[in-house]
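S.K.: First the structure, then my questions, so here it is.
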Amino acid sequence: MESRMQVAVVEQFGKPLSLQEWIIPAPGPGQILVRTEACGVCHTDLHAARGDWPLLPALPFIPGHEGIGIVTALGAGVTAVKEGDRVGVPWLYSACGHCEYCLSAWETVCAEAQFGGYTKNGGFAEYMLADPDYVAHVPDGLSACDAAPIICAGVTSYKGIKETGARPGEWIAITGIGGLGHLAIQYAKLMGLQVCAVDVDNRKLEHARRLGADVTINASQADPAMAVKQSTGGGAHGVLITAPSLSAFTQGVGMTRKRGTCVLVGLPPGEFPTPLFDVVANCITIRGSFVGTRKDMAEALAFAAHGKVKADIERQPLSAINSVFDRLTHGNVASRVVIDFAQ
């Protein structure tokens, strides 16, 4: 009799996930099988389940791209990992490895890239298949639940900060102090930046202050762009927009210092209205940043393994996934929910 696993499946866009039993897959050549220990829940999972983006995943599919687990089986030809290794199966599931982007260490924009929990089944399952050349290698001493948010929220915020080009002593404004933003503050402080945290929730702003934010601004109580400019002496040298809100994008450009860089990592549905005159007249750079490369991943995990960055997590069982999605929809998740398969 074939062994089975519990999974949470998107069968129809915009409908609750279905909890089902599926047959545990066997790894083919060049694949590995991972027994899932934990999987973070990201706003991207919510977008995937709703079908918010132009490229739709094929139904049915299993979301989850912050899956951490133990390698339990190897397909033919696998040498990059061994059984018993703890690995993460991230958003960047695989890439071609030979295009101009892969050869220049920009595999995240490879035209043949596959994405975990989107074009490939992800971590809302007791077992998952993975490409051994693209898994994250979890350092010793970092638990599965602590590692899970780092392989998406952590690396995305870390890479986004680097893409702002802000230097030690300069200002960075971080908008949206949730799963990505609370990690971004920690990475930014480690990189020597002065941090201005922006959100509409006073509880999240209090959390930002505890994490080391130098200035906090409630965007619902004041013009956030003007407040950032006043607090930073002319605007932030770098702005990182993590909030899944179009208004935050417009506000973010307004927060940016002349000749500064505004980096977009949030992905709300819709079109971004760009204030062209301000962008041109103030020589502002607007840059998209998409998760991070394997090198960025290793760096982001190393900070966490050394205890310098820690995600604020809430553990939930897989059976609670629809409740978690509902809370995400209404902004009722403080930082990061992690599905703990030990529960």
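The values are calculated or read from the model by the stated rules, or taken from the named source; none is laboratory data. This is a predicted model, so every value here is computed, not measured. Note: ideal-geometry Cβ built from the backbone for every residue, glycine included; neighbour counts use all protein chains shown.
S.K.: Restricting to the range 325-339, count the residues that are buried (at least 20 other Cβ atoms within 10 Å of the Cβ) and modelled with pLDDT of 95 or more.
M.R.: 4
S.K.: Examine the range 106-114 for a residue that is in a strand (DSSP E or B) and not acidic (Asp, Glu), and state whether such a residue exists. Steps first, answer last, please.
M.R.: First pass over the range 106-114, keeping only residues in a strand (DSSP E or B): 114.
Applying the additional criterion that residues be not acidic (Asp, Glu) yields 114.
Yes, because at least one residue in the range 106-114 is in a strand (DSSP E or B) and not acidic (Asp, Glu).
Listed here are the residues, each with its yes/no results for (1) crowded, with 17+ Cβ neighbours inside 10 Å; (2) in the same structural domain as residue 141 (by TED's automatic domain parsing); (3) in contact (Cβ under 8 Å) with a residue 60 or more places away in the chain; (4) of a type in the set (S, T, N, Q).
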| residue | (1), (2), (3), (4) |
| --- | --- |
| 245 | yes, no, yes, yes |
| 255 | yes, no, yes, no |
| 263 | yes, no, yes, no |
| 314 | no, yes, no, no |
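S.K.: Let me spell it out: the conditions are (1) within 24 Å of the chain's Cα centre (by Cα); (2) in contact (Cβ under 8 Å) with a residue 60 or more places away in the chain; (3) surrounded by 18 or more Cβ atoms within 10 Å (Cβ to Cβ), and residue 27 meets all of them except one. Which number is the exception?
M.R.: With respect to (1) within 24 Å of the chain's Cα centre (by Cα); (2) in contact (Cβ under 8 Å) with a residue 60 or more places away in the chain; (3) surrounded by 18 or more Cβ atoms within 10 Å (Cβ to Cβ), residue 27 is out only on (1).
S.K.: Could you give me the residue pairs with C-beta distances under 7 Å whose first residue belongs to the range 58-80 and is closer than 30 Å to residue 12 by Cβ and at pLDDT 95 or above, whose second residue is of a type outside the set (S, T, N, Q) and surrounded by fewer than 15 Cβ atoms within 10 Å (Cβ to Cβ) wherever it lies, and which are 6+ apart or on separate chains?
M.R.: Pairs found: 59/11; 60/11.
S.K.: Let me ask something additional. Return the residues of the range 286-343 that are more than 16 Å from the chain's Cα centre (by Cα) and part of a loop (DSSP other than H, G, I, E, B); say none if nothing qualifies.
M.R.: Those that are more than 16 Å from the chain's Cα centre (by Cα) and part of a loop (DSSP other than H, G, I, E, B): 306, 307, 308, 317, 330, 331, 332, 341, 342, 343.
S.K.: Output yes when any residue across the range 57-65 is over 26 Å from the mean Cα position of the chain (by Cα) and either outside any loop (DSSP other than H, G, I, E, B) or surrounded by fewer than 20 Cβ atoms within 10 Å (Cβ to Cβ) (or both), and no when none is.
M.R.: As a first pass, look at the range 57-65 and keep what is over 26 Å from the mean Cα position of the chain (by Cα): none.
No, the range 57-65 contains no residue that is over 26 Å from the mean Cα position of the chain (by Cα) and either outside any loop (DSSP other than H, G, I, E, B) or surrounded by fewer than 20 Cβ atoms within 10 Å (Cβ to Cβ) (or both).
S.K.: If residue 269 satisfies all but one of (1) surrounded by fewer than 14 Cβ atoms within 10 Å (Cβ to Cβ); (2) under 19 Å from the mean Cα position of the chain (by Cα); (3) modelled with pLDDT of 95 or more, what's the number of the condition it fails?
M.R.: The single condition residue 269 does not satisfy is (3).
S.K.: Is it the case that the range 68-88 has a residue that's within 18 Å of the chain's Cα centre (by Cα), buried (at least 16 other Cβ atoms within 10 Å of the Cβ) and part of a loop (DSSP other than H, G, I, E, B)?
M.R.: no
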